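Scroll down for the structure; my scribbles are underneath it.
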Amino acid sequence: MQIGSVTTPFGRRPMTLALVRRQIETSEIKPGKSADKWKVFRDASEARELLGLQDRSLAVLDALLSFYPDNELRQDAQLIVFPSNAQLTLRAHGIAGATLRRHLALLVEAGLIVRKDSANGKRYARKDKAGAIDNAFGFDLSPLLMRAEQLAMMAQQVVADRLALRRAKENLTICRRDVRKLISAAIEEGASGDWENIEAIYIGLVSKIPRSPTLSDVNSILDEMELLQGEIINVLEMQQKGENTSTNDAQNERHIQNSKTESIYEFEPSSENERGAKSVDDDRPKREPVRNFPLGMVLRACAGISMYGPSGAIGSWRDMMAAAIVVRSMLGVSPSAYQEACEVMGPENAATAIACILERSGHINSPGGYLRDLTRKAERGEFSLGPVLMALLRAQGQGDRAAG
């Protein structure tokens, strides 16, 4: 590959330190390196948004590559092409002159090509006596060879993000449909619950979906929509359990009335060691397992706890629980109160409860007593972290809008 000193652009085009750096980097390409020019072009096309390029920019790059005679870009080859603007316009499907110059500048700015201008700004090549190119002035394609691996990784990331976005959109569509139909069914069949408020929350979430959402947008709304779905199901399950309890009480009352001559003690085993004997706790109501919430959603709702994680950040539930222990001590919550919360709610939800208390610490006089109260309610099935997290998320959203 022909390597010269750093050159500056012809005419009024400015020189920047970034251009100097790129020209120096192209002179340090690993000896013997090569890459298929059309594969590099496909990778650059896939990563065009990350590179800040438009479709016309890619058409110009395609035209430039067509002037390079080989399919393989090689470190030891002449990588400067020198077509005129008229030739470039023809191969770029009749692009206008001003548009051509603008997109050539974009390719230079994106670091995919480097200008090597002659003294008069013309593009041409000088040949030696044997007819081989001795020196050329035009567009150097060396940056494409130098960045071949980087462009491939960028293209793979774009493809992975596109797939993740499509899956997230599908999940949001399904969750949105389920929530809408559950609310409609509950209202139409007269289920007890504050369905007007729940429907307002649903409409608010739908209105937050942008016209062209990013992966972060979709995941954020999906977390909140799944949380709302869980709360709806929880309300319906509690109502169903209440109906079953009422039915069982009525059946037991009829059974007692029909068995006045029999002692109820005849149906109890005389010893727990007897075959078929039931444990004393068998007749007690079993607590339903408490659902964990997505860590990302918890951290968005309770951002304050992140600074207490290892190295000042939280990247996993293990980090979250370690931070909760620090915050518990800081808030004055006793180890026994926190241990009881872990046993009833589960360690993840207990840590989430601590994070919520931290966010609301200015409004809570006794964090320890507050946690014990939440634990007792959770044990009776009367408390869920869902509404708390939703309220904090809504407060965060209102704060963002006010700041904007």
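The values are calculated or read from the model by the stated rules, or taken from the named source; none is laboratory data. If you're wondering where the values come from, they're calculated on a predicted model, not measured in any experiment. Here the Cβ positions follow ideal geometry from the backbone for every residue, glycine too, while neighbour counts run over all protein chains shown. These accessible areas exclude ligands, DNA and RNA; they are computed on the full protein's heavy atoms, side chains included. Shrake-Rupley method; radii C 1.70, N 1.55, O 1.52, S 1.80 Å.
So which residues in segment 337-365 are at pLDDT 90 or above and hydroxyl-bearing (Ser, Thr, Tyr)?
Of everything in segment 337-365, those that are at pLDDT 90 or above and hydroxyl-bearing (Ser, Thr, Tyr) turn out to be 338, 352.
Looking for whichever is touching a strand residue (DSSP E or B) at 6+ places or on another chain (Cβ under 9 Å) and either modelled with pLDDT under 90 or outside the structural domain of residue 40 (by the TED database) (or both) here; the options are 122, 129. Which one fits?
Of the residues listed, the single one that is touching a strand residue (DSSP E or B) at 6+ places or on another chain (Cβ under 9 Å) and either modelled with pLDDT under 90 or outside the structural domain of residue 40 (by the TED database) (or both) is 122.
Results for (1) touching a residue at least 12 places away in the same chain (Cβ under 8 Å); (2) farther than 27 Å from residue 229 by Cβ; (3) part of a helix (DSSP H, G or I), shown as yes or no for each residue.
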{"position": "314", "(1), (2), (3)": "yes, no, no"}
{"position": "324", "(1), (2), (3)": "yes, no, yes"}
{"position": "329", "(1), (2), (3)": "no, yes, yes"}
{"position": "339", "(1), (2), (3)": "no, yes, yes"}
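Quick one: count up the residues across segment 60-79 that are more than 41 Å from the chain's Cα centre (by Cα), open to solvent by less than 60 Å² (accessible area, probe 1.4 Å) and modelled with pLDDT under 90.
Counting residues in segment 60-79 that are more than 41 Å from the chain's Cα centre (by Cα), open to solvent by less than 60 Å² (accessible area, probe 1.4 Å) and modelled with pLDDT under 90 gives 2.
Go through the residues of segment 225-234 one by one and say whether even a single one is of a type outside the set (D, E, K, R), touching a Leu at 6+ places or on another chain (Cβ under 9 Å) and not in a helix (DSSP H, G or I). First the steps, then the outcome.
The first filter runs over segment 225-234 and keeps only residues of a type outside the set (D, E, K, R), leaving 225, 227-230, 232-234.
Remaining after also requiring touching a Leu at 6+ places or on another chain (Cβ under 9 Å): 225, 227-229, 232-233.
Retained after the next criterion (residues that are not in a helix (DSSP H, G or I)): none.
No.
Return the residue satisfying two criteria in turn: it lies in segment 29-52 and is in a loop (DSSP other than H, G, I, E, B) and more than 24 Å from the chain's Cα centre (by Cα), and of such residues it is surrounded by the most Cβ atoms within 10 Å (Cβ to Cβ).
Residues of segment 29-52 in a loop (DSSP other than H, G, I, E, B): 29-33, 47, 52.
Remaining after also requiring more than 24 Å from the chain's Cα centre (by Cα): 29-33.
Numbers: 29: 21, 30: 8, 31: 7, 32: 8, 33: 15.
The qualifying residue surrounded by the most Cβ atoms within 10 Å (Cβ to Cβ) is 29.
Would you mention how many residues in segment 353-387 are touching a residue at least 60 places away in the same chain (Cβ under 8 Å) and either under 19 Å from residue 227 (Cβ atoms) or open to solvent by less than 70 Å² (accessible area, probe 1.4 Å) (or both)?
Qualifying residue count, segment 353-387: 6.
Hey, any hits in segment 204-218 for a residue that's open to solvent by less than 70 Å² (accessible area, probe 1.4 Å), modelled with pLDDT under 90, under 16 Å from residue 387 (Cβ atoms) and within 26 Å of the chain's Cα centre (by Cα)?
Among the residues of segment 204-218, at least one is open to solvent by less than 70 Å² (accessible area, probe 1.4 Å), modelled with pLDDT under 90, under 16 Å from residue 387 (Cβ atoms) and within 26 Å of the chain's Cα centre (by Cα), which makes the answer yes.
Pull out all pairs, ordered by first then second residue, where Cβ-Cβ is under 7 Å, the residues are six or more apart or on different chains, the first lies in segment 158-183 and is in contact (Cβ under 8 Å) with a residue 12 or more places away in the chain, and the second is of a type in the set (A, V, I, L, M) and not in a helix (DSSP H, G or I).
The qualifying pairs are 158/47.
Looking at segment 300-312, which of its residues are open to solvent by 20 Å² or more (accessible area, probe 1.4 Å), within 19 Å of residue 392 (Cα to Cα) and either of a type in the set (A, V, I, L, M, F, W, C) or free of Cβ contacts under 8 Å to residues at least 12 places away in the same chain (or both)?
303, 307, listed by residue number.
Give me the pairs: first residue in segment 203-218 and free of Cβ contacts under 8 Å to residues at least 12 places away in the same chain, second residue surrounded by 15 or more Cβ atoms within 10 Å (Cβ to Cβ) and in a helix (DSSP H, G or I), beta-carbon distance under 6 Å, and six or more apart or on different chains, which are they?
210/217
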